[in-house]
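The values are calculated or read from the model by the stated rules, or taken from the named source; none is laboratory data. Quantities reported herein were computed from a predicted structural model and do not represent experimental measurements. Ideal geometry is used to build each Cβ from the backbone, glycine not excepted, and the neighbour counts take in all protein chains shown. Accessible surface is based on the protein model in full, side chains and every heavy atom, while ligands, DNA and RNA are left aside. Shrake-Rupley method; radii C 1.70, N 1.55, O 1.52, S 1.80 Å.
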Amino acid sequence: MSETALQVAKTNPLQYVTDQLNELRAKGVAPKLRVLEGEQKPVCIFDGKEVINLASNNYLGLATDKRLRKASLEAVKKLGVGAGAVRTIAGTMQLHMQLEEQIAKFKNVEACVVFQSGFTANAGTVSAVLGKEDLIISDELNHASIIDGGRLSKATIKVFKHKDVKDCERILQEHADFPGKKLIITDGVFSMDGDIAPLPELCDLAQKYGCIMMVDDAHSSGVLGRGGRGTVDHLNCHGRVHIQVGTLSKAIGSMGGYVCGSRDLIDFLYLRARPFLFSTSHPPATAAACQAAFTLLDSPDGEKLVKKLWANTKFFKRELKKRGFQFKVSETPIIPIHVGDAAKAFEFSRKLFDAGVFAPAVGYPTVAEGKARLRAIVSAAHKREQLLKAAETLEQVAKPLGIV
């Protein structure tokens, strides 16, 4: 380190953060946060501009649903705005237990525990059930929360090629004599490409090699399966997945995550999952809104919403394909528009926003270097004319950039 650099470091030990930030800005890959004014809807106002919203995980439009609003307001009036403590001290309300029982019934399992977020559900569970003597076999495109959970557990981590069942079995064969516990873990739906995991085949491997089977169903909760029960239901794997993770922050329209499994597993997580132990529990309004969402999903109206989501998805994909966009691996409402170069992807997103469509760019470290993209997400709340206009705008902006 030069004398000048050393002097700067002494006066401002965080100067390196500023330097790295300036480098990102110079490369055009440091976008500012978009600020939403008003409600999270298919057409809304970000940064003072009205845009068609293809950026939200609000798959079913429940974030603004009148039934969820009513449940939230009633809970606030009756129970206040906060739970006041962590769940293991004084923060477990009847509402929390009722929600967990409701989710367990919905997912056709013995029990459920609700976490403060989907991220903490994954990270807290993996690090609780495994230790340094154990082995994790993980899909290479699994969510960051799974990766972090594995690191926190200090288990040995082996990564198999994306959705490659043969590669997963190769790792299992190479570690057939591994003395510790083994966990196969995968996303149910992969968040950046919208493809679905080969869950039945991975369950076969888990059974064959004596592994725990775990799936993160964040992007399939409320999307796949009967009434949005997830990939386990969609692929008929009931009873074959030992640990199911889901989210309350996407299709459910609220906030939080959950883990489903056996009664003993959930009771163990109550005692050993660190995010659960050290975070204040959900406020009554959030828990009540989630209850209302699952009640809705478990009704004919919920089934109609899921069908509308898929009808919109198929319509939008057809319109994009007509215009030359390719997204071969997407099997869900997540639609990646591949660009490659990160700076170009962020430029595409900015120009698209200026033209009235919000589809965020995603670059490293969320995806690998050279695989930047825009990610568009369709919802049940979108109208056909909105999706048609969005497709037309995408084409108009993409052509001058050489993307289509």
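Overview of values
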{"read-out": "Hull shadow area, averaged, the range 120-177 [alpha-carbon convex hull, nm²]", "value": "3.8 nm²"}
{"read-out": "Alpha-carbon Debye profile of the range 338-386, log10 I(q)/I(0) at 0.19, 0.21 Å⁻¹", "value": "-0.62, -0.71"}
{"read-out": "Nitroxide proxy distance, nm - points 7 Å out along Cα→Cβ at GLU385 and ASP264", "value": "5.9 nm"}
{"read-out": "Kirkwood-Stokes translational diffusion coefficient of the range 67-211, alpha-carbon pairs, 10 °C, 1.306 mPa s, µm²/s", "value": "91 µm²/s"}
{"read-out": "Projected-area average for the range 137-276 over all orientations - Cα convex hull basis, square nanometres", "value": "8.3 nm²"}
{"read-out": "Neighbourhood charge, 15 Å Cβ-Cβ cut-off, centred on THR280 and excluding it, Lys, Arg +1 and Asp, Glu -1", "value": "+2"}
{"read-out": "Residue among LYS250, LYS32, LYS77 with the largest mean-square fluctuation in a Gaussian network model of the chain, springs linking Cα atoms under 10 Å", "value": "LYS32"}
{"read-out": "Structure-derived semi-axes √(5λ) of the Cα gyration tensor in Å: which label, when the choices are [x] 32, 28, 25; [y] 28, 27, 21; [z] 40, 22, 20", "value": "[x]"}
{"read-out": "More than 13 angstrom apart: percent of Cα pairs within the range 166-216", "value": "58 percent"}
{"read-out": "Solvent-accessible area per residue, Å², over the range 218-356 with all protein chains present [probe radius 1.4 Å]", "value": "40 Å²"}
{"read-out": "Descending semi-axes in Å of the range 98-148, equivalent ellipsoid built from Cα gyration tensor", "value": "24, 13, 11"}
{"read-out": "Cβ charges +1 (Lys, Arg) and -1 (Asp, Glu), total dipole of the range 28-140, debye", "value": "600 debye"}
{"read-out": "The range 1-128: mean projected area of Cα convex hull, nm²", "value": "14.7 nm²"}
{"read-out": "Surface per residue (accessible, 1.4 Å probe) for the range 139-206, Å²", "value": "44 Å²"}
{"read-out": "Choice from PRO365, PRO283, PRO42 showing the highest fluctuation, given a GNM over the chain with Cα pairs closer than 10 Å", "value": "PRO365"}
{"read-out": "Amide H contacts under 5 Å for CYS44, placed H, 5+ residues apart", "value": "VAL51, ASN53"}
{"read-out": "Accessible surface of the chain, 1.4 Å probe, proportion on carbon and sulfur as whole %", "value": "53 percent"}
{"read-out": "Per residue accessible area of the range 358-404, 1.4 Å probe, in Å²", "value": "47 Å²"}
{"read-out": "Proximal lysines to LYS351, defined as alpha-carbon separation beneath 17 angstrom and excluding residues fewer than eight positions away on the same chain", "value": "LYS27, LYS32, LYS49, LYS389, LYS399"}
{"read-out": "For the range 299-404: Kirkwood Rh in Å [reciprocal of mean 1/r, alpha carbons]", "value": "14.2 Å"}
{"read-out": "Residue-count net charge about ASN53 - beta-carbon cut-off 13 Å; Lys, Arg +1, Asp, Glu -1", "value": "+2"}
{"read-out": "Rg(Cα)/(2.2 N^0.38 Å) for the range 233-298, N = residue count", "value": "1.24"}
{"read-out": "Fraction of alpha-carbon pairs over 21 Å apart in the range 82-168 - percent", "value": "48 percent"}
{"read-out": "In nm, spacing of pseudo-spin labels at ALA176 and THR18 (7 Å Cα→C-beta vector)", "value": "6.0 nm"}
{"read-out": "The range 133-211 - Debye-derived log10 I(q)/I(0), Cα point model, q = 0.11, 0.15, 0.17 Å⁻¹", "value": "-0.25, -0.47, -0.61"}
{"read-out": "Computed lengthening from LYS308 to ALA355, 0.36 nm per intervening residue step minus Cα-Cα distance", "value": "14.3 nm"}
{"read-out": "Relative contact order of the chain, pairs being alpha-carbon contacts under 8 Å that are 6 or more residues apart, as %", "value": "21 percent"}
